[in-house]
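The values are calculated or read from the model by the stated rules, or taken from the named source; none is laboratory data. Because the structure is a prediction, the values reported are computed rather than measured. In this analysis, Cβ positions are derived from the backbone assuming ideal geometry, glycine residues included, and neighbour counts consider all displayed protein chains. With ligands, DNA and RNA removed, areas are computed over all heavy atoms of the protein, side chains included. Shrake-Rupley method; radii C 1.70, N 1.55, O 1.52, S 1.80 Å.
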Amino acid sequence: MTTDRLLDLVGVAGGPSAEASLFHLEVIEAGPLTPTFHRVVLTAPGLGDLLYRAGQDLMLRIPQAGERIVNRRYTIRDFDPARAAVTIDVSLHGAGPGTDWVRGAGIGDRIDAIGPRGKVTLREDADRHLFVGDETGVPGALAMMEALPPGSGATALLEIDTPADEQDFRPPEAETAATVDVRWLHRAGRSEPGDPSPILAALGDVALPAGPVHAYVAAEAGVVRRVREALTARGLEEAQISAKAYWRRGLPNAEHGEPARDG
Ligand SMILES: Cc1cc2nc3c(=O)[nH]c(=O)nc-3n(C[C@H](O)[C@H](O)[C@H](O)COP(=O)(O)OP(=O)(O)OC[C@H]3O[C@@H](n4cnc5c(N)ncnc54)[C@H](O)[C@@H]3O)c2cc1C
């Protein structure tokens with residue numbers, strides 16, 4: 001698909017927009033954040049005017065051999081309008097166009113991206129929020145928790161490899177601010193990424209808050225399905241769950257950047 005055709009589908013090129021725009025990004029920082037996460041900071045003309053909501057992502061357009069482009073989506077972990085810079089945090093795994101590009105990214109490298117993308121953002125009709133994810137869901141969960149309105153509360157169950165992959169996030173500031181309870185779940189060699197057991201076990205130990213609650217689930221496709229089933233079995237309505245498969249065990253994501261539906 002040509003870039004022009006893609007923009008016809010997703011939005012306009014450049015400029016301030018709540019719609020997706022095409023940005024010609026340049027890497028200004030890149031390096032390890034934790035043993036398995038890499039952080040990349042990117043800038044572009046016009047990026048300082050980006051309008052986005054916490055939880056949305058950028059779709060990197062990663063060149064492959066020949067003219068082929070593969071899209072890979074990464075959540076906006078942070079946005080600094082003064083520097084016209086966005087930060088993405090990527091969980092490195094074996095190999096793939098996304099992980100390979102991020103692993104090799106250096107200052108001055110260039111890449112196109114389309115964003116902001118994504119419909120999963122903080123729900124205003126909830127005052128209690130439950131975030132469930134593996135490492136691919138960590139940047140979105142932390143970004144959304146940093147954007148919680150005063151008086152709301154959040155619990156997060158976040159599966160990572162080891163304690164060394166735990167990450168800081170900006171805590172609520174005032175007494176009136178949101179309360180957050182982050183529980184890091186460590187695989188520590190006892191399970192593989194994409195195994196639903198650690199998250200399901202932790203979910204069983206969480207008391208679902210009374211009142212308007214919303215759950216956000218972002219992880220491997222099979223894990224997302226099992227968590228959604230567990231949440232509905234616990235009494236949540238479908239409308240109270242925003243669940244999205246971010247990758248699928250054993251299969252590359254499709255060229256549009258998400259797991260293929262029939263994969
Ligand atoms: C909306 C959205 C937002 C996302 N945000 C983030 C983010 O902020 N940070 C982040 O790290 N990821 C994020 N992801 C997930 C990321 O896009 C996928 O992991 C993607 O598959 C990576 O592409 P790749 O080219 O590296 O691997 P692919 O070519 O897709 O896959 C190659 C192989 O690696 C395996 N694989 C893919 N991802 C993983 C993984 N995480 N762990 C173990 N094996 C894997 C596949 O099963 C396959 O066998 C997001 C996905 C979506 C849809």
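Residue 210 - would you say it is within 19 Å of residue 127 (Cα to Cα), small (Gly, Ala, Ser) and touching a strand residue (DSSP E or B) at 6+ places or on another chain (Cβ under 9 Å)?
Values: within 19 Å of residue 127 (Cα to Cα): yes; small (Gly, Ala, Ser): yes; touching a strand residue (DSSP E or B) at 6+ places or on another chain (Cβ under 9 Å): yes.
Considered against the rule, which asks whether it is within 19 Å of residue 127 (Cα to Cα), small (Gly, Ala, Ser) and touching a strand residue (DSSP E or B) at 6+ places or on another chain (Cβ under 9 Å), residue 210 comes out as yes.
Scanning segment 211-263 for residues that are open to solvent by less than 40 Å² (accessible area, probe 1.4 Å) and among the hydroxyl-bearing types (Ser, Thr, Tyr) gives 216, 242. For residue 67, the requirement of being among the acidic types (Asp, Glu) and modelled with pLDDT of 95 or more is not met. Condition test on residue 88, is it near the ligand (Cβ under 9 Å from one of its atoms), under 15 Å from residue 39 (Cα atoms) and not basic (Lys, Arg)? So residue 88 passes the test.
Tell me whether segment 163-176 contains one or more residues that are touching a Phe, Trp or Tyr at 6+ places or on another chain (Cβ under 6 Å), under 27 Å from residue 118 (Cα atoms) and outside the structural domain of residue 91 (by TED's automatic domain parsing). So that I can check it myself, show each step before the final result.
Residues of segment 163-176 that are touching a Phe, Trp or Tyr at 6+ places or on another chain (Cβ under 6 Å), as a first pass: 166.
Retained after the next criterion (residues that are under 27 Å from residue 118 (Cα atoms)): 166.
Next cut, outside the structural domain of residue 91 (by TED's automatic domain parsing) only: 166.
Among the residues of segment 163-176, at least one is touching a Phe, Trp or Tyr at 6+ places or on another chain (Cβ under 6 Å), under 27 Å from residue 118 (Cα atoms) and outside the structural domain of residue 91 (by TED's automatic domain parsing), which makes the answer yes.
Under the condition of being open to solvent by less than 30 Å² (accessible area, probe 1.4 Å) and touching a residue at least 12 places away in the same chain (Cβ under 8 Å), which residue from segment 99-111 is farthest from the ligand (Cβ to nearest atom)? Can you show your working first?
Taking segment 99-111 first, the residues open to solvent by less than 30 Å² (accessible area, probe 1.4 Å) are 99, 102, 105-106, 111.
Still in the running and touching a residue at least 12 places away in the same chain (Cβ under 8 Å): 102, 105-106, 111.
Details: 102: 8, 105: 13, 106: 18, 111: 13 Å.
Per the criteria, the residue is 106.
The set of residues in segment 112-133 being open to solvent by 10 Å² or more (accessible area, probe 1.4 Å) and among the aliphatic types (A, V, I, L, M) consists of 120, 122, 126.
Residues in segment 134-165 that are in a strand (DSSP E or B) and either over 19 Å from the mean Cα position of the chain (by Cα) or surrounded by fewer than 19 Cβ atoms within 10 Å (Cβ to Cβ) (or both): 153 only. Cβ-Cβ contacts under 6 Å between residues 6 or more apart (or on different chains), taken from a first residue in segment 229-254 that is within 15 Å of residue 199 (Cβ to Cβ) and part of a strand (DSSP E or B) to a second residue that is at pLDDT 95 or above and among the small types (Gly, Ala, Ser), are listed as 241/215; 244/218; 245/221; 246/218. Restricted to strands (runs of 3 or more DSSP E) entirely inside segment 33-98, those with at least 2 residues that are among the β-branched types (Val, Ile, Thr) and open to solvent by less than 20 Å² (accessible area, probe 1.4 Å) are 37-43, 69-75, 85-91.
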